[in-house]
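A.B. asks: Here's a structure for you.
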Amino acid sequence: MSRSGSLNVAVVGATGAVGGVLLRVLEERGFPVGRLIPLASARSAGTRVAFAGDCLPVGALEPRAFEGVDVVFFAATGELSREWAPEAAARGALVIDKSGTWRMQADVPLVVPEVNGACLRGASRGIVASPNCTTVGVVMALEPLRRAAGLASVVATTFQAASGAGQAGADELREQLAAGGVAPAPRVFAAPLAHNVVPLCETLGASGESSEERKLREETRKILSAPRLAISTLCTRVPVAVGHSAGLLVETERPLDADGARQALAGFPGVELLDDARGLPTPLGVAGRDVVQVGRVRCEPEGRRLWLWQVSDNLRKGAATNAVQIAEAARAAGML
Ligand SMILES: NC(=O)c1ccc[n+]([C@@H]2O[C@H](COP(=O)([O-])OP(=O)(O)OC[C@H]3O[C@@H](n4cnc5c(N)ncnc54)[C@H](OP(=O)(O)O)[C@@H]3O)[C@@H](O)[C@H]2O)c1
């Protein structure tokens with residue numbers, strides 16, 4: 001850290017969908033960046049990224065890139081995080097990782113600051129993980145209900161945007177829409193996405209559950225410190241550019257009616273309740289914003305389960321903003 005209190009920050013994956021938004025969010029939130037080091041693959045050699053009025057050259061990933069760096073955001077591939085995050089941490093940087101590599105490691109905190117920010121203290125390896133883009137929005141909607149009445153079970157069905165699969169996913173949807181939905185053939189998604197709904201995100205496992213469904217289930221349990229929470233997940237991809245949606249069917253441990261749920265949600269930091277004549281939570285309505293919107297709150301006609309609908313910008317609160325909030329919380333806790 002410099003004497004002025006500013007921090008040297010490296011962003012691995014600075015040319016990607018999340019990395020690009022991360023640079024904007026650092027700027028917007030006035031994170032005290034001393035030196036900004038954008039890193040990417042050899043493909044990006046010679047390119048530049050804009051940051052704070054400068055046009056910075058993108059560097060290659062090599063050990064000396066982390067010299068004198070206080071915090072490294074990893075927003076690239078899981079393999080890169082596996083290989084390079086320990087290297088960056090060994091050189092004294094705090095690593096904030098956006099990939100799935102470290103999330104379920106017992107000695108790596110998996111953090112959504114509004115929900116479990118206190119876990120940051122457990123970052124004994126110098127690595128903190130930020131959850132999957134779908135998980136962030138889901139736990140932001142579940143935590144107020146958990147605090148109000150406990151959670152007995154959750155059924156989560158997601159409707160995920162193309163950009164959740166990175167720049168290549170966003171490009172594939174745009175190209176298919178431009179071509180009238182018939183071409184080019186899918187490369188990123190399991191079926192054509194334009195004018196369609198694809199009931200598979202990422203890869204199918206032997207049990208029939210997809211890797212995305214498994215991540216949503218396991219990460220939700222870890223963040224909510226509820227290892228035995230009954231949670232069932234179905235993840236789908238929809239032809240939306242930005243913004244993941246989830247329909248949540250929640251059974252609470254203690255009685256909680258729709259009004260009580262609305263009250264709990266409305267009072268939770270980072271959640272915006274939109275459950276009246278003002279409108280409906282939609283991906284378009286939340287794209288470019290950091291809030292998690294929740295609406296359509298209602299009790300099942302019989303029983304005590306609640307339905308709600310949740311949307312959030314997968315590139316911002318689902319990824320970049322959450323990562324920057326982790327860095328802010330680490331700084332406030334004296335870890336940076
Ligand atoms: N998209 C989302 O909504 C979202 C949300 C939460 C978490 N995540 C996670 O965030 C990470 C980044 O996702 P993304 O959507 O931004 O992906 P992306 O658009 O495909 O960007 C990937 C980035 O990684 C860089 N990269 C790839 N191979 C590299 C290598 N060998 N060496 C150095 N840099 C390399 C790319 O650089 P080049 O440009 O040089 O290829 C690019 O900057 C992933 O782990 C993803 O799972 C994504």
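The values are calculated or read from the model by the stated rules, or taken from the named source; none is laboratory data. Not measured: the values here are computed from a predicted model. Cβ atoms come from the backbone with ideal geometry, glycine included; neighbour counts cover every protein chain shown.
A.B. asks: Scan segment 17-27 and tell me whether some residue there is surrounded by fewer than 15 Cβ atoms within 10 Å (Cβ to Cβ) and away from the ligand (no atom under 16 Å from the Cβ).
C.D. replies: If we filter segment 17-27 for residues that are surrounded by fewer than 15 Cβ atoms within 10 Å (Cβ to Cβ), which is where we start, we get none.
Within segment 17-27 (the criterion being surrounded by fewer than 15 Cβ atoms within 10 Å (Cβ to Cβ) and away from the ligand (no atom under 16 Å from the Cβ)), the answer is no, since none of the residues qualifies.
A.B. asks: Any idea which residue in segment 273-312 is surrounded by the most Cβ atoms within 10 Å (Cβ to Cβ), counting only those that are in contact (Cβ under 8 Å) with a residue 12 or more places away in the chain, in contact with a Gly (Cβ under 9 Å, 6 or more places away or on another chain) and among the charged types (D, E, K, R)?
C.D. replies: Within segment 273-312, the match that is surrounded by the most Cβ atoms within 10 Å (Cβ to Cβ) is D275.
A.B. asks: Further question on the same structure: Where residues in segment 15-39 are more than 21 Å from L336 (Cα to Cα) and assigned to a loop (DSSP other than H, G, I, E, B), which of them is farthest from the chain's Cα centre (by Cα)?
C.D. replies: Applying the filter and picking the extreme gives T15.
A.B. asks: Quick one: which of L110, L94 is within 16 Å of the ligand (Cβ to nearest atom) and either β-branched (V, I, T) or in contact with a helix residue (DSSP H, G or I) (Cβ under 7 Å, 6 or more places away or on another chain) (or both)?
C.D. replies: Numbers: L94 fails: within 16 Å of the ligand (Cβ to nearest atom).
Going through L110, L94 in turn, just one is within 16 Å of the ligand (Cβ to nearest atom) and either β-branched (V, I, T) or in contact with a helix residue (DSSP H, G or I) (Cβ under 7 Å, 6 or more places away or on another chain) (or both): L110.
A.B. asks: Can you name the strands (runs of 3 or more DSSP E) wholly within segment 212-315 that have at least 1 residues being hydroxyl-bearing (S, T, Y) and closer than 30 Å to D171 by Cβ? Can you show your working first?
C.D. replies: Values: elements: 230-237, 244-252, 271-273, 292-299, 305-312.
Hits in segment 212-315: 230-237, 244-252, 305-312.
A.B. asks: I would also like to ask the following. Can you name the number of the only condition in (1) touching a Gly at 6+ places or on another chain (Cβ under 7 Å); (2) surrounded by 21 or more Cβ atoms within 10 Å (Cβ to Cβ); (3) not in a loop (DSSP other than H, G, I, E, B) that A89 fails?
C.D. replies: (2)
A.B. asks: Look at A264 and say whether it is touching a helix residue (DSSP H, G or I) at 6+ places or on another chain (Cβ under 8 Å), modelled with pLDDT of 95 or more and under 24 Å from G117 (Cα atoms). Outline the logic, then answer.
C.D. replies: Values: touching a helix residue (DSSP H, G or I) at 6+ places or on another chain (Cβ under 8 Å): yes; modelled with pLDDT of 95 or more: yes; under 24 Å from G117 (Cα atoms): yes.
Here the answer is yes, as A264 does meet what is asked.
A.B. asks: Can you tell me which residue within segment 187-211, out of those that are part of a loop (DSSP other than H, G, I, E, B) and in contact with a Leu (Cβ under 7 Å, 6 or more places away or on another chain), is farthest from S99 (Cα to Cα)?
C.D. replies: Step one: of segment 187-211, the residues part of a loop (DSSP other than H, G, I, E, B) are 187-197, 199-203, 205-209.
Next cut, in contact with a Leu (Cβ under 7 Å, 6 or more places away or on another chain) only: 190, 193-194.
Details: A190: 21, L193: 24, A194: 26 Å.
So the residue we want is A194.
A.B. asks: What residue, among those in segment 54-70 that are in contact (Cβ under 8 Å) with a residue 24 or more places away in the chain and either assigned to a helix (DSSP H, G or I) or not β-branched (V, I, T) (or both), is nearest to the ligand (Cβ to nearest atom)? Spell out the reasoning first.
C.D. replies: Of segment 54-70, the ones in contact (Cβ under 8 Å) with a residue 24 or more places away in the chain are 58, 61, 63, 65-70.
Now narrow it down to the ones that are either assigned to a helix (DSSP H, G or I) or not β-branched (V, I, T) (or both): 61, 63, 65-68, 70.
Working: L61: 5, P63: 13, A65: 10, F66: 13, E67: 17, G68: 20, D70: 20 Å.
The extreme case among them is L61.
A.B. asks: Among the candidates V128, V182, single out the residue that is modelled with pLDDT of 95 or more and outside any helix (DSSP H, G or I). Break it down stepwise before answering.
C.D. replies: Numbers: V182 fails: modelled with pLDDT of 95 or more.
V128 is the lone residue from the list that is modelled with pLDDT of 95 or more and outside any helix (DSSP H, G or I).
A.B. asks: Here is a check on your reading of the model: is A42 more than 25 Å from the chain's Cα centre (by Cα) and either loosely packed, with under 14 Cβ neighbours inside 10 Å or away from the ligand (no atom under 15 Å from the Cβ) (or both)?
C.D. replies: Details: more than 25 Å from the chain's Cα centre (by Cα): yes; either loosely packed, with under 14 Cβ neighbours inside 10 Å or away from the ligand (no atom under 15 Å from the Cβ) (or both): yes.
Yes: the conditions hold for A42.
A.B. asks: Here's something else I'd like to know. Could you grab me the full set of residues in segment 170-210 that are closer than 18 Å to T135 by Cβ and either touching a residue at least 40 places away in the same chain (Cβ under 8 Å) or surrounded by fewer than 14 Cβ atoms within 10 Å (Cβ to Cβ) (or both)? Write out each step before concluding.
C.D. replies: The initial filter retains those residues of segment 170-210 that are closer than 18 Å to T135 by Cβ, namely 200-203, 205, 209-210.
Answer for segment 170-210, where residues must be closer than 18 Å to T135 by Cβ and either touching a residue at least 40 places away in the same chain (Cβ under 8 Å) or surrounded by fewer than 14 Cβ atoms within 10 Å (Cβ to Cβ) (or both): C201, T203, G205.
A.B. asks: What single numbered condition from (1) among the hydroxyl-bearing types (S, T, Y); (2) out of contact with any Phe, Trp or Tyr (no Cβ under 6 Å at 6 or more places or on another chain); (3) closer than 20 Å to G137 by Cβ fails to hold for S245?
C.D. replies: It fails just one condition, (2).
A.B. asks: Does V139 fit the bill of being buried (at least 19 other Cβ atoms within 10 Å of the Cβ), within 14 Å of the ligand (Cβ to nearest atom) and in a strand (DSSP E or B)?
C.D. replies: Values: buried (at least 19 other Cβ atoms within 10 Å of the Cβ): yes; within 14 Å of the ligand (Cβ to nearest atom): yes; in a strand (DSSP E or B): no.
Spelling it out, it is not the case that V139 is buried (at least 19 other Cβ atoms within 10 Å of the Cβ), within 14 Å of the ligand (Cβ to nearest atom) and in a strand (DSSP E or B).
A.B. asks: Something else about it: Please determine, by comparing only the residues of segment 99-119 that are assigned to a loop (DSSP other than H, G, I, E, B) and in contact with a Cys (Cβ under 9 Å, 6 or more places away or on another chain), which one is farthest from G16 (Cα to Cα).
C.D. replies: Initially, segment 99-119 is screened for residues assigned to a loop (DSSP other than H, G, I, E, B), giving 99-109, 111-112.
So of that shortlist, the ones also in contact with a Cys (Cβ under 9 Å, 6 or more places away or on another chain) come out as 109, 111.
Details: P109: 24, V111: 22 Å.
Filtering segment 99-119 for residues that are assigned to a loop (DSSP other than H, G, I, E, B) and in contact with a Cys (Cβ under 9 Å, 6 or more places away or on another chain), the one farthest from G16 (Cα to Cα) comes out as P109.
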